[in-house]
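Worksheet for the structure shown next.
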Amino acid sequence: MTFRQFAYRNVVRNRRIYAAFFMASMFSVMVFFMYSMLMFHPKIDDEFLRESAVLGMIVAEVILYIFTLFFLFYSMSAFLQARSKEFGLLLQLGMEKKQLNKLIFFETMLIGVVSVTTGILFGYAFSKFFLMIVRELLQLESLPLYISFKPFALTMGAFFSLFVIIAMTSVVFIREQKIIELIRGYWKSDDLQSYSTIKAVGGIIMLLFSYAAAALTSINVVKALSIILPPIAALGTYYFFTHSVIFLHDQVRKRKFLYWHRFRLIAISEGAVKLRENARMYFIVTIVSTVAFLSVGTLTSLTSYTGQFRELNPLSLIYSSELTNPYESEHISLLRNELEEQGLSYNLVPFVIKQQTSSYSQYKVNILQESDVNGLAMALGLPLIELLPGNGMLIPYSEESIDTLEDQEIQTVLEESNLPVQINGVYPQMLFPSMIIGSNIIVLSDEDYQLITEPLTGRTNMTSSFKFFAFHVAQWERTKSIGLEIDTQVTDAIYKENFSNLPFYFENPGLNYSIIQATFSLLLFTGLMVAAVLLLAAGSFIYFKLYTGLERDKRQFNVLKRMGLTDQELIKIVNRQLIPQFFLPWGVAMLHSAFSFLSLQVIWHNLAEISILGDMILVLVGFTSIQVVYYFLIRWRYIAHVRAS
Amino acid sequence: MTHRAINQLSFEVKKGEFVAVMGPSGSGKTTLLNLISTIDSATSGTIKIDGLSPDEMSKTELALFRRRQLGFVFQDFNLLQMLTVEENLVLPLTLDGHRIAEMKRRVMDLAKKLGLEQILEKRPNEISGGQAQRTAIGRALIHQPAIILADEPTGNLDSKASRDVLELLVKVNQEQKTTILMVTHDPIAASYCDRVVFIKDGEFFNEIYSDDRRQTFFQRILNVLSLLGGNVNDLSTIRLP
């Protein structure tokens, strides 16, 4: 047996303990590789929307890289700690420190090489599938699998250097340790600190404070809170696991009628040991899971935005035009031709908006006539209105305005034409995308509308009115290629800040929708995969801790069985030990996420008047079921091991 | 070989001698052994092994010294679980970078002597305690060290396995002239030695030599132990079979 064979056998024969660790790093490499396949895709970089996709990939890769570095660093130090007795023995048998470093370096690099290689292999194997999904999401013509050295080089370069860093630095953990302390398992002792009541209570208070602040936040303070709260919550979580939990546990222990009750004695005392040993691991698992839940939740909330997009944008194409616009007929026939070419049936409702000054508010109001509104409502399948002369109705400019304007009763005079109007209530649905016409929109009866003859003060008749062409297309998702040419002109004008000189404006919600939807779903998809890596890593921490404690647990259950512990009782004890391991960090992470979502809801509500509750519940339920499955899987193996002893 | 441990403890072990160190719990037996093992260091005093002073060596020199001059046998065997019996045996040679052929030759030789031929491919959790301790002794012998340091080698074994292990140590001591220093609080184990050194509270208390009759030597050991006083429950009260 040569020295290398020795290192090799250490890893291969310890494969069960390395399994979860290896899985997590391999999966991370695999995801990283697939992202780089997309990033370097030759079909991608020259197209406009895909720039955001590439940017998203870069961000995701950086996050993955940093996280994997942290994960490997933590796992390696935990491994080395668990093996301290073995290292002490080797040193006593005459292994040089240099050789020990070499051994650890070699072992780490072995795992590194294997996980990078298998990760890339699996990554390449799944790349076709991955690119297919991305193609669907981005609605590209094709996104074929390709061969280039770039993704391979990037992934290998990144992860080999990462493993070299880990292999070199993890050695530090045993550098200054005395052999005799290694043999005694020096590190174990400092995990078993006792708690401080102040920190225990402080942890709980910090958490409660963060939750209360997150729940009661309003849009004015949410920004400041989003900076202050995470550190407080993180510190609170740390104290919660290292002090509060043990403190609470001790309170139970003091009440003997609770504690000395059948198998509870064992379950509770064992629980205490596990809680203390694993406090830091719980903390890390909680933080990692919270980050995963939050990122998926946030991205899902973006998708809620696309879901509600249609409600906010009932019209398919809108072309507005000043009366002096020379391109009007050219553009409208262009749009008609394109719709016909695509075989899309449409309903065109043209109308004119007149502007007057309201005596009530002294603001400019935009005025529609009843028959135009009804024409539009008919096309969209919305309720019709009936107005008597002298009466008017408000048209909502945003979803929220429907509620606030509902009970409005305003008496006003349209000053220029000296027309008195009684305005009652608001039209109950959105007719136009928000703000496209402006915020003050009223509809008058056709008779009154005809009476508006004077232009807005300071304007001529030609500049006081606007023409609108509203296209209703039933298959509105398919309009993304309609009017691209006009859209580009508008976008250019906005870009060059020349917008106010443009005599027309064009909006295609179908195009916007397809861009928003593609970007958001790509983001969500990317985020889901990163979250999967995070959760797998969190799971591997739990697995590792359980596995290193397995031998001791086996011995203990063996003694208990001889003392007459029944099989059912054994399972009950296992449950009571495993459930906290799995669900305590998970539960705290859930609470963290739930309260963060409350704050997120405030932001979203302000931004786009959207409710993310439904999606959030879905996300949390989804994660819960994964965790439950993982729990049963591990419990099954664990009980099998304990019984076999 | 001279030893000077903290509390004025000083004694010598001659080349080829089989010496036991006895004393009640907490008397400093294990500390003494750790000092000789060079994994712990004394605040003052010197240790000489085969004319060499470990105190004056650098860390690397110490490692080389341990793997060439010292052999260790532990109470709980301390075999590496992921290595087979054979691999555990050759581990000291692996650390020292010996050639494979050389390792093979020495393993075959040792396995025959120790009766391990049938279990060379087995892993430590598949063999009995006696076999595990014999493997550990093999690991301590394979590099032909100047001295074997044994810490309660029979502490985890039943009486039959204990006897096998002790007879093996005696055989190794007599046939290969290997020097052995054994810490124990089992008077039966001690009765296999040439000489027993008693310590109490880290200080030298007494020493007795064997007169070739194990039964009487055992009785004399028991006598000293009762003189030692302290907690008699620490000491084994079994009689020789």
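The values are calculated or read from the model by the stated rules, or taken from the named source; none is laboratory data. Because the structure is a prediction, the values reported are computed rather than measured. Here Cβ is always computed from backbone atoms with ideal geometry, including for glycine, and neighbour counts include all displayed protein chains.
Suppose the filter is of a type outside the set (Gly, Ala, Ser) and either modelled with pLDDT under 85 or in contact with a Pro (Cβ under 7 Å, 6 or more places away or on another chain) (or both); does A:Pro503 pass it? Talk me through it step by step, then tell me what you get.
On the way: of a type outside the set (Gly, Ala, Ser): yes; either modelled with pLDDT under 85 or in contact with a Pro (Cβ under 7 Å, 6 or more places away or on another chain) (or both): yes.
Considered against the rule, which asks whether it is of a type outside the set (Gly, Ala, Ser) and either modelled with pLDDT under 85 or in contact with a Pro (Cβ under 7 Å, 6 or more places away or on another chain) (or both), A:Pro503 comes out as yes.
Under 8 Å between Cβ atoms, at least 6 apart or on separate chains: pull out the pairs that start in the stretch A:477-493 with a residue that is more than 19 Å from A:Phe309 (Cβ to Cβ) and end on any residue that is modelled with pLDDT of 80 or more and part of a helix (DSSP H, G or I). Listed pairs, sorted by first residue: A:Glu485/A:Leu334; A:Ile486/A:His331; A:Ile486/A:Leu334; A:Ile486/A:Leu335. Just one of (1) in contact with a strand residue (DSSP E or B) (Cβ under 8 Å, 6 or more places away or on another chain); (2) on the phi < 0 side of the Ramachandran plot fails for B:Ser25. It is (1). Among residues of the stretch B:194-216 being modelled with pLDDT of 85 or more and part of a loop (DSSP other than H, G, I, E, B), the one that is nearest to B:Val183 (Cα to Cα) is B:Asp194. In summary, B:Asp76 fulfils each of the numbered conditions (1) within 18 Å of the chain's Cα centre (by Cα); (2) within 12 Å of another protein chain (Cβ to nearest Cβ); (3) crowded, with 18+ Cβ neighbours inside 10 Å with the single exception of condition (3).
If the condition is being surrounded by 11 or more Cβ atoms within 10 Å (Cβ to Cβ) and under 17 Å from A:Asn278 (Cα atoms), then the stretch A:546-574 contributes A:Leu546, A:Tyr547, A:Thr548, A:Gly549, A:Leu550, A:Glu551, A:Asp553, A:Val574.
Kindly indicate whether B:Ala101 is more than 7 Å from chain A (Cβ to nearest Cβ), in a helix (DSSP H, G or I) and farther than 21 Å from B:Thr179 by Cα. If you could, list the steps in order and put the result at the bottom.
Details: more than 7 Å from chain A (Cβ to nearest Cβ): yes; in a helix (DSSP H, G or I): yes; farther than 21 Å from B:Thr179 by Cα: yes.
Spelling it out, B:Ala101 is indeed more than 7 Å from chain A (Cβ to nearest Cβ), in a helix (DSSP H, G or I) and farther than 21 Å from B:Thr179 by Cα.
Name the one entry in A:Leu323, A:Leu317, A:Leu335, A:Leu299 that is aliphatic (A, V, I, L, M), surrounded by fewer than 18 Cβ atoms within 10 Å (Cβ to Cβ) and touching a residue at least 12 places away in the same chain (Cβ under 8 Å). Steps first, answer last, please.
On the way: A:Leu317 fails: surrounded by fewer than 18 Cβ atoms within 10 Å (Cβ to Cβ); A:Leu335 fails: surrounded by fewer than 18 Cβ atoms within 10 Å (Cβ to Cβ); A:Leu299 fails: surrounded by fewer than 18 Cβ atoms within 10 Å (Cβ to Cβ).
Exactly one of A:Leu323, A:Leu317, A:Leu335, A:Leu299 is aliphatic (A, V, I, L, M), surrounded by fewer than 18 Cβ atoms within 10 Å (Cβ to Cβ) and touching a residue at least 12 places away in the same chain (Cβ under 8 Å), namely A:Leu323.
Scanning the stretch B:40-56 for residues that are touching a residue at least 12 places away in the same chain (Cβ under 8 Å) and in a loop (DSSP other than H, G, I, E, B), we see that the one that is nearest to the other protein chains (Cβ to nearest Cβ) is B:Ser41.
Within the stretch A:20-38, can one find any residue that is buried (at least 20 other Cβ atoms within 10 Å of the Cβ), more than 21 Å from A:Leu145 (Cα to Cα) and within 14 Å of chain B (Cβ to nearest Cβ)? Within the stretch A:20-38, none of the residues are buried (at least 20 other Cβ atoms within 10 Å of the Cβ), more than 21 Å from A:Leu145 (Cα to Cα) and within 14 Å of chain B (Cβ to nearest Cβ).
Identify all residues within the stretch B:151-194 that are of a type in the set (Gly, Ala, Ser) and touching a Leu at 6+ places or on another chain (Cβ under 7 Å); write none if there are none.
First, pick out the residues of the stretch B:151-194 that are of a type in the set (Gly, Ala, Ser): B:155, B:159, B:161-162, B:189-191.
Result: B:Ala189, single match.
Looking at the stretch A:82-184, the helices (runs of 4 or more DSSP H) lying wholly inside it that each contain 3 or more residues that are within 22 Å of B:Leu35 (Cα to Cα), in contact (Cβ under 8 Å) with a residue 24 or more places away in the chain and within 14 Å of chain B (Cβ to nearest Cβ) sit at A:84-92, A:179-184.
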